[in-house]
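Visitor: Shown below is the structure under consideration.
The values are calculated or read from the model by the stated rules, or taken from the named source; none is laboratory data. Everything numeric here is computed off the predicted structure, so don't read it as measured data. All Cβ positions, even for glycine, are placed from backbone atoms using ideal geometry, and neighbour counts span all protein chains on display.
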Amino acid sequence: MSTATSASGAATSTTPTTGGFEEPAPSALLLLGQGRDLASERGVECPGALPAPSDPDLAERARAARAALGDSAFVLGHHYQRDEVIQFADVTGDSFKLAREAAARPAAEHVVFCGVHFMAESADILTAPDQKVVLPDLAAGCSMADMAAIDQVEEAWAVLSDAGVAERTVPVTYMNSSAAIKAFTGRHGGTVCTSSNAQVALRWAFDQVGGEDGDGKVLFMPDQHLGRNTAVLQLGLRPEDCVVYDPRRPGGGLAPHELEAARMVLWRGHCSVHGRFSARNVAEVRERVPGVTVLVHPECTHEVVTAADMVGSTEYIIRALDAAAPGSSWAIGTELNLVRRLARTHPELDVHYLDSTVCFCSTMNRIDLPHLVWTLESLVQGRTVNRVVVDADDAHWARVALDQMLALPGL
């Protein structure tokens, strides 16, 4: 479990409880800067009013506050952030790169993470105890991470135990998961992975429990598509070696014999952005743009990944376009803010968004310029707002899982 310190300075649990507040529905989101739900990561309390989005001085206010803070603050910007925010980031990158960058800046008293909640948790785990990790809007969660709650995962492990397969199963969680899930993974001898090293992480996990019969298993959370794509396309498993555990159904919707036969037990989770792309999108862009190269993220469905020309992480996508031949055409299947930025960065390329409709990461976009200005100006005034603090025990075991990932080849 992690806590978040609200703007008023009170430490509050980010695990939904009744605790005097009405428990929100799992998908509930408060309006930007409005409402009060301190018992969950779903809302943020801002004293007074946020700066108006139409304020023409917002960018200048952000620059002035950033300059006043100097080296005492370190601003991180995820690739999916909007441009109005990313321009003030000291470092840009994917979630794990940013957490490591934060850990490499021990002199920064405040780490302002322009991303989503699980990323801020990872930064808190990896930074020094005296550093304060701040999330400009605590409502910036992750729908994928929210699809695997710790009580559901513990119940799933009990199901695997009852089926007699838990002792032959290693949990592997994607970086896009809560600190509590990372801690569960560490407690049970597993590891964390990124979209870049999922193949290495899965091979390591199978080696831990494979035995001579090769009957070892992996419980992969929370993105079923990254798990399936990696297992089938990179490790050579068959699609039928993968089963999907649905936490909303008794026993995950799986019989004991199905768990016994499976090599990959995939959590029924997905990315709401990457899950939108379809094989039809791929076919349509090929018809519309002759000679186009389709490049997608491995969080896309198996049908999309197999229809694409290239598959890779966010950093891989950026590097691919950096190295692309001038005049070449590309259709990119990932978050729209990044695709638009790549198109502006590479005017020599013909860059297309794979989907025919606009789809930003809605929770990532909750970090807007008014929230960033409010956060930075609060720090200038000596108030630490929206601090994210991971429970000490969870932080220890999550660090065990993260350290195991860091020990894998290639990192």
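Visitor: Please enumerate the residues belonging to region 72-97 that are over 20 Å from ASN176 (Cβ atoms) and either in a loop (DSSP other than H, G, I, E, B) or at pLDDT 95 or above (or both). It would help to see each step written out before you state the result.
Guide: Just the residues of region 72-97 that are over 20 Å from ASN176 (Cβ atoms), to begin with: 72-75, 83-84, 87-88, 90.
Result: SER72, ALA73, PHE74, VAL75, GLN87, PHE88, ASP90.
Visitor: Another question, if that's okay. For ALA262, work out the one condition from (1) under 23 Å from VAL209 (Cα atoms); (2) touching a Ser or Thr at 6+ places or on another chain (Cβ under 9 Å) it doesn't fulfil.
Guide: Every condition holds for ALA262 apart from (2).
Visitor: Condition first: surrounded by 24 or more Cβ atoms within 10 Å (Cβ to Cβ) and in a helix (DSSP H, G or I). Now tell me which residues in region 194-223 satisfy that.
Guide: ALA198, ALA201, LEU202, ALA205
Visitor: Could you tell me which of the residues SER329, SER313 is among the small types (Gly, Ala, Ser), in contact with an Asp or Glu (Cβ under 8 Å, 6 or more places away or on another chain) and closer than 24 Å to ALA198 by Cβ?
Guide: Numbers: SER329 fails: closer than 24 Å to ALA198 by Cβ.
Among SER329, SER313, only SER313 is among the small types (Gly, Ala, Ser), in contact with an Asp or Glu (Cβ under 8 Å, 6 or more places away or on another chain) and closer than 24 Å to ALA198 by Cβ.
Visitor: Which of (1) modelled with pLDDT under 95; (2) under 25 Å from ILE125 (Cα atoms); (3) touching a strand residue (DSSP E or B) at 6+ places or on another chain (Cβ under 9 Å) does GLY216 not meet, given it meets every other one?
Guide: All conditions are met except number (2).
Visitor: Out of the residues in region 163-193 that are touching a strand residue (DSSP E or B) at 6+ places or on another chain (Cβ under 7 Å) and among the charged types (D, E, K, R), state the one that is surrounded by the fewest Cβ atoms within 10 Å (Cβ to Cβ).
Guide: My answer is ARG168.
Visitor: Something else about it: Answer yes or no: is there a residue in region 344-358 that is at pLDDT below 95, surrounded by 20 or more Cβ atoms within 10 Å (Cβ to Cβ), part of a loop (DSSP other than H, G, I, E, B) and of a type in the set (Ser, Thr, Tyr).
Guide: No, there is no match, as no residue in region 344-358 is at pLDDT below 95, surrounded by 20 or more Cβ atoms within 10 Å (Cβ to Cβ), part of a loop (DSSP other than H, G, I, E, B) and of a type in the set (Ser, Thr, Tyr).
Visitor: Within region 3-12, does at least one residue satisfy the condition of being at pLDDT 95 or above, of a type in the set (A, V, I, L, M, F, W, C) and not in a helix (DSSP H, G or I)? If you could, list the steps in order and put the result at the bottom.
Guide: Going residue by residue through region 3-12, those that are at pLDDT 95 or above are none.
No, that holds for no residue.
Visitor: OK, next. Find the helices (runs of 4 or more DSSP H) located wholly in region 229-327 whose residues include 3 or more that are within 19 Å of ALA201 (Cα to Cα), and list them.
Guide: On the way: elements: 256-261, 279-288, 302-307, 314-322.
In region 229-327, 314-322 are the helices (runs of 4 or more DSSP H) which contain 3 or more residues that are within 19 Å of ALA201 (Cα to Cα).
Visitor: Is there a residue being over 26 Å from LEU233 (Cα atoms), in contact with a strand residue (DSSP E or B) (Cβ under 8 Å, 6 or more places away or on another chain) and either surrounded by fewer than 16 Cβ atoms within 10 Å (Cβ to Cβ) or not assigned by TED's automatic domain parsing to the domain that holds ASP94 (or both) anywhere in region 313-327? Step through it out loud before you land on a result.
Guide: First pass over region 313-327, keeping only residues over 26 Å from LEU233 (Cα atoms): 325-327.
The next check asks that each one be in contact with a strand residue (DSSP E or B) (Cβ under 8 Å, 6 or more places away or on another chain); those that pass are 327.
Next, only the ones that are either surrounded by fewer than 16 Cβ atoms within 10 Å (Cβ to Cβ) or not assigned by TED's automatic domain parsing to the domain that holds ASP94 (or both) stay: 327.
For region 313-327, residues over 26 Å from LEU233 (Cα atoms), in contact with a strand residue (DSSP E or B) (Cβ under 8 Å, 6 or more places away or on another chain) and either surrounded by fewer than 16 Cβ atoms within 10 Å (Cβ to Cβ) or not assigned by TED's automatic domain parsing to the domain that holds ASP94 (or both): present.
Listed here are the residues, each with its yes/no results for (1) without any contact (Cβ under 8 Å) to a residue 60 or more places away in the chain; (2) over 17 Å from ALA156 (Cα atoms); (3) not β-branched (Val, Ile, Thr); (4) not assigned by TED's automatic domain parsing to the domain that holds SER177.
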residue: VAL218; (1), (2), (3), (4): yes, no, no, no
residue: MET221; (1), (2), (3), (4): no, no, yes, no
residue: LEU235; (1), (2), (3), (4): yes, yes, yes, no
residue: CYS242; (1), (2), (3), (4): yes, no, yes, no
residue: TYR245; (1), (2), (3), (4): no, no, yes, no
residue: ARG248; (1), (2), (3), (4): yes, no, yes, no
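Visitor: Looking at ILE332 and the list (1) touching a helix residue (DSSP H, G or I) at 6+ places or on another chain (Cβ under 6 Å); (2) crowded, with 21+ Cβ neighbours inside 10 Å; (3) part of a helix (DSSP H, G or I), which single condition is not satisfied?
Guide: (3)
Visitor: What pairs come out if I take residues in region 289-305 that are farther than 17 Å from LEU321 by Cβ and pair them with residues that are charged (D, E, K, R) whose C-beta lies under 8 Å away, six or more apart or interchain?
Guide: From residues that are farther than 17 Å from LEU321 by Cβ, the pairs are GLU299/ASP223; HIS302/ARG228.
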